[in-house]
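Peer 1: Let me give you the structure first, and then I'll get to my questions.
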Amino acid sequence: MFTNLSQFLSGSARLAINQHEEPQSRELQVAVAALLLEMANSDADFSAEELNRVVSIMFIEMETPEHETAEIVEMVEFMKRDGSTLERFIKAINEVFSVEQRQMVLALIWRMVKADGKIQSFETTLATDLRKRLGLGLEQAVFARQMAEKMEIPGS
């Protein structure tokens, strides 16, 4: 999947293509945004800074234009109000993303957790739950956290 393994190992690989080297669908963009927003909203204090961080991640990692990212965020919020569950988004990710891409998603989730400089127990619990639901093992989770430490996301 990765044309340059060092990109993945350095945490700089992008999620813009799927495991078949095709551009990600809007559904996958929405799914990743949903997971990031879930983590950002987990403390019930969703700030403009966190929203900007989600937009930056989507722009950089999924190569989603900023104006489309805003639409995706609105779509996620609407779908959540409409009763769509996080499970639907996780299923879409698990069906299309490779293990490495799911690991990258977990790294992005950890990046969201660590962005404010403090890790709260409920954030760790949610990240652990998402790790399990993404079908990742403990070793993969440790690597994802290490990747999150190395990532530079504007607005962080």
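The values are calculated or read from the model by the stated rules, or taken from the named source; none is laboratory data. These figures come from a predicted structure and were not determined experimentally. Neighbour counts run over all protein chains shown; Cβ positions are idealised from the backbone, glycine included. Accessible surface is based on the protein model in full, side chains and every heavy atom, while ligands, DNA and RNA are left aside. Shrake-Rupley method; radii C 1.70, N 1.55, O 1.52, S 1.80 Å.
Peer 1: How big is the Rg/Rh ratio for region 20-156, C-alpha atoms only, Rh by Kirkwood, two decimals? Numbers along the way, then the final one.
Peer 2: Numbers: Rg = 13.6 Å, Rh = 14.8 Å.
On the Cα set of region 20-156, Rg over Rh gives 0.92.
Peer 1: List the residues whose amide H sits under 5 Å from the amide H of residue 64, counting only those 5 or more places along or on another chain, with H placed 1.01 Å from N in the peptide plane.
Peer 2: Here 59 satisfy the definition.
Peer 1: What whole-number distance in Å separates the alpha-carbon centres of region 66-122 and region 34-50?
Peer 2: First find each Cα centre; the distance between them is then 10 Å.
Peer 1: Considering the alpha-carbon set of region 42-81 alone, what are its Rg and its Dmax in angstrom?
Peer 2: When restricted to Cα atoms, region 42-81 yields Rg and Dmax of 10.5, 28 Å.
Peer 1: Check the straight Cα-Cα distances from residue 91 and name the lysines below 22 Å, setting aside those fewer than 8 residues away within the same chain.
Peer 2: List returned: 80, 132.
Peer 1: Rounded to the nearest 10 Å², what accessible area does residue 145 show when all protein chains are kept and the probe is 1.4 Å?
Peer 2: Probe radius 1.4 Å; accessible area of residue 145 about 90 Å².
Peer 1: Go ahead and run the numbers for FRET between residue 114 and residue 52, Cβ-Cβ distance against an R0 of 22 Å, rounding to 0.05.
Peer 2: On the way: r = 16 Å, r/R0 = 0.72.
After rounding to 0.05, the efficiency reads 0.90.
Peer 1: Quickly work out the residue 150-to-residue 124 label distance, labels modelled 7 Å from Cα along the C-beta direction, and quote it in nm with one decimal.
Peer 2: It works out to 2.4 nm between the two label points.
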